[in-house]
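The values are calculated or read from the model by the stated rules, or taken from the named source; none is laboratory data. Since the model is a prediction, treat every value here as computed from it, not as a measurement. Reconstructed Cβ throughout: ideal geometry from the backbone, glycine too, with neighbour counts over all protein chains shown.
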Amino acid sequence: MQYRSLGRTGVMVSELCLGCMNFGGKTPEDESMDIIDKSIDSGINFLDTANVYSRGESETVVGKALQRNGKREQIVLATKVHGRMDDDDILMAGNNRRHIIQQCDASLKRLQTDYIDLYQIHRPSNNVPIDETLRALDDLIRAGKVRYIGTSTFPAWRVMEAIWVAKELGLNRFVSEQPPYHLLDRSIERELIPMAQTYGTAILPWSPLARGFLTGKYKRGEDIPGDTRLASDMQGPFKKRTGQHFSDLAYDLLDVLINIADEKGVTPSQVALAWVNQKQGVTSVIIGPRTMEQLEDNLGAIDVELTDEDHAKLGAVAEPEQAIVPYYHGSMINFKPSEYGWL
């Protein structure tokens, strides 16, 4: 396991970050805690969750696991705020001071810790000015409840705006951004990664396996298995975007991915993860295993060496100028927060 600086902070985090979204929901508590232990034993020192994952259950499980193994101080612990935490209370969502401070205290309690290493704004908001958000986060840092702050799925211009506002007001600035990034979506290479490299911002890609499509379990011309995440997504607000995964172009890419994996004697998912991990500007790749078997497969990605020829083959069918699945929160065009339960 290699370690890289979390942006310009100097805090060293593992090249793989354990995403804990499934814990307390799709993954039973005992297995979730075992996956956390196995990850830490394998060298991962970076855990990422969010208050909205199973409405707090993920944070609760992570807190229990770190209490059980006694390794909280060895972990860079990240969580997020923004999403709706109560369907019947309009105040229980958003990027305003009231919600951020309230939810930080709730997350600390569930995580059974005195501080959060990286507190992230889960999505941007058009309704709250960034200075309102930054002032609240700065107060949390000064109170010792938060060490660093970051964003998730912010386009480059919003991160840049936040950096400028923080400088103007003398506030702590965002040190990281979590964007979707995988072989089906390379759009962050246009602006976000160059911006991040210029200003010392860590890039923490989520969905490196394109919601499971790049594992190779989906076959051209066959029905989507009903127990998969993509099948579930196809029934909700992500239907249009998810459907793009199953284009001819996507399957052409998958064919190349599988061929490279077969040549190396590894799995397609390991090649896909290795591709993201080895891209310029990437700090730590967020994996989201649901089972111990998936974790063990994901861990094998750090040993996969991709050659220039491998990158050329993949790049020929996955050009950043023609992202198969666009960075859908990047421009926020036609984005309706109400469809996603967000303000």
Original post:
For residues in region 304-321 being part of a helix (DSSP H, G or I), more than 10 Å from Val271 (Cα to Cα) and not hydrophobic (A, V, I, L, M, F, W, C), which is modelled with the lowest pLDDT?
Top reply: Glu321
**OP:** Tell me, please, whether a residue that is within 23 Å of Ile193 (Cα to Cα), touching a helix residue (DSSP H, G or I) at 6+ places or on another chain (Cβ under 6 Å) and crowded, with 20+ Cβ neighbours inside 10 Å can be found in region 60-67.
**Re:** no
Subject >> Where a residue in region 95-112 is under 11 Å from Asn51 (Cα atoms) and its partner, wherever it lies, is among the aromatic types (Phe, Trp, Tyr) and buried (at least 17 other Cβ atoms within 10 Å of the Cβ), with Cβ under 7 Å and at least six apart >> reply: Cys104/Tyr119
Original post:
Among the residues of region 68-107, how many are surrounded by fewer than 18 Cβ atoms within 10 Å (Cβ to Cβ) and β-branched (Val, Ile, Thr)?
Top reply: 2
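Yes/no matrix, rows are residues, columns are (1) touching a residue at least 24 places away in the same chain (Cβ under 8 Å); (2) farther than 26 Å from Phe46 by Cβ:
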site: His122; (1), (2): yes, no
site: Pro129; (1), (2): no, yes
site: Arg135; (1), (2): yes, yes
site: Tyr148; (1), (2): yes, no
site: Thr151; (1), (2): yes, no
site: Phe154; (1), (2): yes, no
site: Val159; (1), (2): yes, no
site: Ile163; (1), (2): yes, no
site: Ala166; (1), (2): yes, no
